[in-house]
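Chemist: My questions will all concern the structure given below.
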Amino acid sequence: MILPNWWRPLCRWQFALLLAIYTYFGLTTASGPHIPQYNDKLMHFLGYGIAGWSITVALPGWPMWQRLLVLVAYSTGIEIIQHFMPPRTFSFGDILANIGGALSGLGSAELARRLAPNLSRALLER
């Protein structure tokens with residue numbers, strides 16, 4: 001399947017938009033009504049699972065370890081910045097939940113690449 005030439009830039013833009021949204025919600029000092037309150041670690045895990053898929057679609061040619069490194073560095077950076085933004089706080093548990101979610105997202109995207117060749121060609125084509 002040949003993808004249109006605008007497909008990969010669109011995928012990169014969606015990843016950049018996802019990071020912008022995560023940065024906003026990660027650094028806002030008041031949750032307010034726009035952030036529903038659920039299990040914090042579950043939200044971190046699911047959010048970074050989505051980020052794992054997002055970066056895979058945006059940068060399918062990158063090895064998995066590099067995509068994971070980007071997500072871990074981003075997650076750690078957000079947590080470090082939160083330390084300096086009361087009432088936000090640094091949380092190693094959040095980083096671990098983010099890493100687990102990123103691994104889950106990256107792993108499931110890789111599994112889809114291997115088990116669903118049509119999906120792989122349509123979404124994850126290098």
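Computed from the coordinates by the stated procedures, all read-outs in this text should not be read as laboratory data. Treat the numbers as computed from the prediction; the structure is a model and nothing was measured. Here Cβ is always computed from backbone atoms with ideal geometry, including for glycine, and neighbour counts include all displayed protein chains.
Chemist: Could you list which residues have their amide H under 5 Å from that of residue 90, counting only those 5 or more apart in sequence or on another chain, with H placed in the peptide plane?
Modeler: It is 83, by chain and number.
Chemist: If you don't mind, another one. Just need the relative contact order of region 37-126 here, percent rounded to a whole number, with Cα pairs under 8 Å and 6+ apart. Mind showing how you got there, number by number?
Modeler: Numbers: 95 pairs, mean separation 39.3, N = 90.
RCO, region 37-126: 44 percent.
Chemist: Give me the number: length gained by fully extending residue 20 to residue 116, i.e. 0.36 nm times residue separation minus the C-alpha to C-alpha distance, one decimal in nm. Intermediate values should be presented prior to the final figure.
Modeler: Details: separation 96, 0.36 × 96 = 34.56 nm, distance 3.02 nm.
31.5 nm is the gain from fully extending residue 20 to residue 116.
Chemist: Would you calculate a helix-derived [θ] at 222 nm for the chain, using -39,500 (n - 2.57) for each DSSP H run of n ≥ 4 and dividing by the full residue count, to the nearest 500?
Modeler: Details: 5 runs with 91 residues, N = 126.
Taking each H run of at least 4 residues, the total per residue is -24500 deg cm²/dmol.
Chemist: With unit charges on the beta carbons (Lys and Arg positive, Asp and Glu negative) and the dipole taken about the Cα centre of the chain, which residue among 96, 66, 76 sits farthest to the positive side?
Modeler: The listed residue farthest towards the positive side: 66.
Chemist: Continuing with the same structure: Let's see if you can work this out: charge +1 on each Lys and Arg Cβ, -1 on each Asp and Glu Cβ, no other charges. What is the dipole magnitude of the chain about its Cα centre, in debye to the nearest 20? Don't jump to the answer; show the numbers that get you there.
Modeler: Details: 9 positive and 5 negative charges, 83 e Å.
It works out to roughly 400 debye.
Chemist: Of all the stretches in the chain, which is the longest one without any exposed loop site, taking chymotrypsin sites (Phe, Trp or Tyr not before Pro) in a DSSP loop (any state but H, G, I, E, B) with at most 16 other Cβ atoms within 10 Å? If you can, show how the numbers build up before the last one.
Modeler: Values: sites that count: 6, 38, 84, 90.
Maximal segment without exposed cleavage sites: 39-83.
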